[in-house]
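A.B. asks: Take a look at this one; I'll ask things after.
The values are calculated or read from the model by the stated rules, or taken from the named source; none is laboratory data. Everything numeric in this text was worked out from a predicted model, so none of it was measured. Cβ placement follows ideal geometry from the backbone for every residue including glycine, while neighbour counts extend to all protein chains displayed.
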Ligand SMILES: *Cc1c(COP(=O)(O)O)cnc(C)c1O
């Protein structure tokens, strides 16, 4: 959270002008600041990342027959799969890479048929998908690409913000993400007409006082959230730098542990250190460490377990993506946030080490 006085200074203005929501001053200011920070032309703001994704799919694929197929990953937060289905499409699950957990681009083409209309990859943990190969495939087959970049705010690839990839990239500014506006989301939209349509869709499809041209919903970001985003944006780089130190501390304290695999930062990438995933050799070991930490009131997360294709609200087959299924059984993400001290990080590592039968880090 930003210093309280910085937030309350902005909020005071709301008490003067009584403009609480519906694309007010802070909405506009936050939007401009994001366009500048991400160096893209069209950024729109939403109540949350989920609505940014759902409305992006609705607008970009408006001329596609309902029920058409979208190739995506099951190794993600449930929002990705829900957005595809709620927008009227059918998710086709593609397997993931074992080294960065993003969609395995080499497995996309065999899944394409006449029904396929789009690809929805996820920059999971802030790891950048194989954007070049995905772009090549999309071009070749005439498919749209919408990136779920909910984890990837602040990530750069070859010097460019990830907001540049695909027809649309969406971000989440939920309180649990690397950058927050309490709740909130954004879509970076390349096509101006699509951007305009999405802007209306988030406000009931209203295009002027007496015209409703689209069947829309309500997904507008309010002024209190926009003000929070404006305040937090100033501290983003500082927060990423603090997270990086925690990330490095984890690596320093855990690198000799045999039963876990720690993935290094991808080449050509400036990471946001939003998550610290560990891959254990087996599920029993992962679950043991999870319980050990919980006994010490440390809440690691089995993120993402189960796969979205496993949930009871659907009837998909999780076995279609064996690598994703295997990873979801062995993955654990450790606490990482800017206020976590390095001493606390060391303590988390000591608890893990003792649980796995290792000596304290640095002792031999
Ligand atoms: C958080 C998240 C979302 C949804 O964002 P909200 O702002 O919580 O609606 C979508 N996809 C992924 C991968 C996420 O982690």
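A.B. asks: Which of the residues spanning region 133-150 are surrounded by fewer than 24 Cβ atoms within 10 Å (Cβ to Cβ) and within 16 Å of the ligand (Cβ to nearest atom)?
C.D. replies: Correct list: 145 only.
A.B. asks: Quickly run through region 14-30 and pick out the residues that are without any contact (Cβ under 8 Å) to a residue 40 or more places away in the chain and either part of a helix (DSSP H, G or I) or closer than 18 Å to residue 172 by Cα (or both).
C.D. replies: Correct list: 15, 16, 17, 28.
A.B. asks: Right, here's the next one. Would you pick out the residues in region 42-65 that are within 16 Å of residue 203 (Cβ to Cβ) and within 9 Å of the ligand (Cβ to nearest atom)?
C.D. replies: Matches in region 42-65: 46, 47, 48, 51, 52.
A.B. asks: Does region 245-257 contain at least one residue that is outside any helix (DSSP H, G or I) and touching a helix residue (DSSP H, G or I) at 6+ places or on another chain (Cβ under 7 Å)?
C.D. replies: Checked against the condition, which is being outside any helix (DSSP H, G or I) and touching a helix residue (DSSP H, G or I) at 6+ places or on another chain (Cβ under 7 Å), region 245-257 yields at least one hit.
A.B. asks: Regarding residue 128, is this residue touching a helix residue (DSSP H, G or I) at 6+ places or on another chain (Cβ under 9 Å), within 15 Å of the ligand (Cβ to nearest atom) and within 24 Å of residue 270 (Cβ to Cβ)?
C.D. replies: yes
A.B. asks: Still on this structure: Pull up region 317-337, narrow it to residues that are part of a loop (DSSP other than H, G, I, E, B) and buried (at least 18 other Cβ atoms within 10 Å of the Cβ), then point me to the one that is nearest to the chain's Cα centre (by Cα).
C.D. replies: 336
A.B. asks: Moving on to the next point. Any idea how many residues of region 31-60 are in a loop (DSSP other than H, G, I, E, B) and out of contact with any strand residue (DSSP E or B) (no Cβ under 8 Å at 6 or more places or on another chain)?
C.D. replies: 1
A.B. asks: Report yes if residue 68 is touching a residue at least 24 places away in the same chain (Cβ under 8 Å), under 28 Å from residue 217 (Cα atoms), away from the ligand (no atom under 16 Å from the Cβ) and surrounded by fewer than 19 Cβ atoms within 10 Å (Cβ to Cβ), otherwise no.
C.D. replies: Criteria met by residue 68.
A.B. asks: Return yes when residue 81 is part of a helix (DSSP H, G or I) and within 12 Å of the ligand (Cβ to nearest atom) and no when it is not.
C.D. replies: When the stated conditions are applied, residue 81 passes them.
A.B. asks: Name the residues in region 295-304 that are surrounded by fewer than 19 Cβ atoms within 10 Å (Cβ to Cβ), touching a strand residue (DSSP E or B) at 6+ places or on another chain (Cβ under 8 Å) and assigned to a loop (DSSP other than H, G, I, E, B), would you?
C.D. replies: Within region 295-304, 302, 303 meet the criteria.
A.B. asks: Contact list please: Cβ distance under 7 Å, first residue in region 170-192 and closer than 16 Å to residue 123 by Cα, second residue away from the ligand (no atom under 12 Å from the Cβ) and part of a loop (DSSP other than H, G, I, E, B), pairs at least six apart or on different chains.
C.D. replies: Close Cβ pairs (under 7 Å, with a partner that is away from the ligand (no atom under 12 Å from the Cβ) and part of a loop (DSSP other than H, G, I, E, B)) amount to 178/154; 178/272; 179/154; 188/40; 188/42.
A.B. asks: Here is a follow-up. Residues of region 165-193 being within 23 Å of residue 338 (Cα to Cα), crowded, with 24+ Cβ neighbours inside 10 Å and over 13 Å from the mean Cα position of the chain (by Cα), which ones?
C.D. replies: 181
A.B. asks: Here is a follow-up. Is it the case that residue 4 is in contact with a helix residue (DSSP H, G or I) (Cβ under 7 Å, 6 or more places away or on another chain) and modelled with pLDDT of 95 or more?
C.D. replies: When the stated conditions are applied, residue 4 does not pass them.
Here's the yes/no breakdown for (1) more than 10 Å from the ligand (Cβ to nearest atom); (2) closer than 20 Å to residue 274 by Cβ; (3) in contact with a strand residue (DSSP E or B) (Cβ under 6 Å, 6 or more places away or on another chain); (4) assigned to a strand (DSSP E or B):
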site	(1), (2), (3), (4)
76	no, yes, yes, no
91	yes, no, yes, yes
106	yes, no, no, no
119	yes, no, yes, yes
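A.B. asks: Output the strands (runs of 3 or more DSSP E) that fall wholly within region 122-236 and possess 2 or more residues being under 18 Å from residue 53 (Cβ atoms) and touching a strand residue (DSSP E or B) at 6+ places or on another chain (Cβ under 8 Å), or say none.
C.D. replies: 144-148, 168-172, 185-189
A.B. asks: While we're here: Looking only at region 165-193, count how many residues are away from the ligand (no atom under 16 Å from the Cβ) and over 21 Å from residue 30 (Cβ atoms).
C.D. replies: The total comes to 3.
A.B. asks: Another one. Name the residue that is nearest to the ligand (Cβ to nearest atom), counting only residues in region 151-164 that are surrounded by 20 or more Cβ atoms within 10 Å (Cβ to Cβ) and closer than 30 Å to residue 109 by Cβ.
C.D. replies: The extreme case among them is 151.
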